[in-house]
1. Residue by residue through region 182-193, note down the ones that are more than 12 Å from the ligand (Cβ to nearest atom) and either polar (S, T, N, Q) or open to solvent by less than 10 Å² (accessible area, probe 1.4 Å) (or both).
2. Suppose the filter is surrounded by fewer than 19 Cβ atoms within 10 Å (Cβ to Cβ), touching a strand residue (DSSP E or B) at 6+ places or on another chain (Cβ under 6 Å), assigned to a strand (DSSP E or B) and at pLDDT 95 or above; does residue 152 pass it?
3. If residue 168 satisfies all but one of (1) within 14 Å of the ligand (Cβ to nearest atom); (2) touching a residue at least 24 places away in the same chain (Cβ under 8 Å), what's the number of the condition it fails?
4. Within region 194-209, track down each residue that is open to solvent by 10 Å² or more (accessible area, probe 1.4 Å), not charged (D, E, K, R) and not in a helix (DSSP H, G or I).
5. Quick check on region 56-71. Is at least one of its residues assigned to a loop (DSSP other than H, G, I, E, B) and closer than 24 Å to residue 186 by Cα?
6. Please state which one of 25, 49, 30 is open to solvent by 100 Å² or more (accessible area, probe 1.4 Å), of a type outside the set (Lys, Arg) and in a helix (DSSP H, G or I).
7. For residue 105, are the conditions met, namely being in a loop (DSSP other than H, G, I, E, B) and away from the ligand (no atom under 16 Å from the Cβ)?
8. Within the bounds of region 250-265, is there any residue that is among the charged types (D, E, K, R) and within 19 Å of residue 76 (Cβ to Cβ)?
Amino acid sequence: MKNIIIYIVIILMIVLAILLALREDTKKEDKRLETLNYINKNISFFNYDYIDRYVSYHLKNKKLPLKRVITEVNIGLDNDYYQNTKPAPNKQTPKVLVNKYHYLKEDYIPENLTEVYEGYSKPGMYLVDKAAEAYKKMAEDIRKEGMKIRVISSYRSYQYQKKLYERYERQDGKKKADKYSARPGFSEHQTGLVIDIDNEVLSYEDFGKTKEFEWMKKNAHKYGFILRYPEKKEFITGYTYEAWHYRYVGKKIATHIKKHNITFDEYCAMENNKTK
Ligand SMILES: [Zn+2]
């Protein structure tokens, strides 16, 4: 009799354990469905090819909201800079993405390069025609308000960037050089859509202290330019803050980027992975 009671108790315990485990499973399944539902409704740039990467990035950054996890993995931030690199998407357009994960080949030369108007530039500066036109208009308009901007660097070939980077590397070492200079093929200057500017008075490195900079902050997007390496976004762009470096992306994208206070890298992480 005593044995039978013990058996019954054991069986009941096993049944109870199974029921509890099943309940846990349903909970997990519910949570999984809830997450997928949320993604479907709210995140149009979820890339199904990256699911494993999202999961491991989430496990390393548990406090990060889901949307950020997906954005940052789409950028490539789950890999070190210059790891898992790909050819730049949208080449020969103002949407071309060049950063520490996307490169241009040695022989890539932008189409329609034209010399920047010398009145607002150092001589021998070249840009893609659309960007050159937009820049000219911007430089004219800032002059009307009694200020000046001048292009001091624009299109750079792969070979030129290679020399430049190697010089910085010799000077400061690879680690430090990587924070302010791009490796050849990874420089946005090779797109022909980028300007470094000064105000003809101070060094370009002090551009952030000028009234011209304040004007640029307010107005650059109206001409299609964005500040490409903003303050406090270093962990996304991989570059220290550069008040002098502007990228032409066209008015629509520039306005969107300014409005949402995001970088071009984040914009592309969302836009280039859109499924709907
Ligand atoms: Zn630059």
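1. Those that are more than 12 Å from the ligand (Cβ to nearest atom) and either polar (S, T, N, Q) or open to solvent by less than 10 Å² (accessible area, probe 1.4 Å) (or both): 185, 192.
2. yes
3. Of (1) within 14 Å of the ligand (Cβ to nearest atom); (2) touching a residue at least 24 places away in the same chain (Cβ under 8 Å), only one is false for residue 168: (2).
4. Matches in region 194-209: 199, 201, 202, 203.
5. No, region 56-71 contains no residue that is assigned to a loop (DSSP other than H, G, I, E, B) and closer than 24 Å to residue 186 by Cα.
6. Within the list 25, 49, 30, the selection yields 49.
7. In short, yes.
8. yes
The values are calculated or read from the model by the stated rules, or taken from the named source; none is laboratory data. What you see is a predicted model; the values in this text were computed from it and never measured. When we count neighbours, we look across all protein chains shown, and the Cβ atoms used for this are built from the backbone with ideal geometry, even at glycine. Side chains included, ligands, DNA and RNA excluded: accessible areas come from the protein's heavy atoms. Shrake-Rupley method; radii C 1.70, N 1.55, O 1.52, S 1.80 Å.
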